[in-house]
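We did not get these values from a lab; they are worked out from the coordinates using the rules stated. The structure displayed is predicted, hence computed values, not measured ones. Virtual Cβ from ideal backbone geometry, glycine too; neighbours counted across all protein chains shown.
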Ligand SMILES: Cc1cc2nc3c(=O)[nH]c(=O)nc-3n(C[C@H](O)[C@H](O)[C@H](O)COP(=O)(O)O)c2cc1C
């Protein structure tokens, strides 16, 4: 699929079929994440893949009931906890790049998943300590996000986006696109 097509067709998927995801496809999307750019190429990201139903279910207690994606965590046959080791990245101008590094890798993963017919939904609204305790993630590691991974059982309409003129400027901050 053309890259622009993948970018424009990707959606946050919150309903999944119970069809298991093939191990090769899981590794394919993880490989796409692995190829992301990062601070000094230090590759601080780590991915915990959960397919075991009990381990996946143990995550649910960390999500508020009004998180619109909570049911997707219960429904999808695979969940990926996207983590970072802050010690393997840098800080510049007060910006902690482990977050940016891992966000890029996470989006590579989401786009690659869409490219092979799988759905994802970046989720950031959960209690980190509860997830760490539930699945045994060591203390220095941060959780950047969590996504269900599986075959979509819905085709959501595109969510609105700001116009280019609201977010991009040519040559001067006073000259919107
Ligand atoms: C950092 C981040 C955190 C998010 N957290 C959640 C979440 O906790 N629950 C949820 O249902 N969706 C979550 N989303 C998904 C957004 O709601 C979604 O990307 C946005 O509404 C645009 O829709 P689209 O992804 O279908 O284009 C999150 C997205 C990002 C990038």
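Some observations on this one:
- Under the shape rule built on the C-alpha gyration tensor, where the axes satisfy a ≥ b ≥ c, segment 99-148 is prolate, since a/c reaches at least 1.5 and a/b is greater than b/c.
- Across segment 3-155, Cα-Cα pairs farther apart than 25 Å form 26% of the total.
- Choice from 167, 73, 146 showing the highest fluctuation, given a GNM over the chain with Cα pairs closer than 10 Å: 167
- Percent of alpha-carbon pairs separated by more than 20 Å within segment 66-174: 54 percent
- Packing-based ranking, highest mean first, of 119-129, 18-28 given that Cβ atoms within 10 Å are counted: 119-129, 18-28
- Computed on the Cα atoms alone, the convex hull of segment 3-85 gives a volume of 139 cubic angstrom per residue.
- Percent RCO, i.e. relative contact order, over the chain, from Cα pairs under 8 Å lying at least 6 residues apart: 32 percent
- Largest mean-square fluctuation among 31, 41, 93, in a Gaussian network model of the chain whose springs join Cα atoms under 10 Å apart, belongs to 93.
- Centre-to-centre, using Cα atoms only, segment 95-123 and segment 8-66 are separated by 8 Å.
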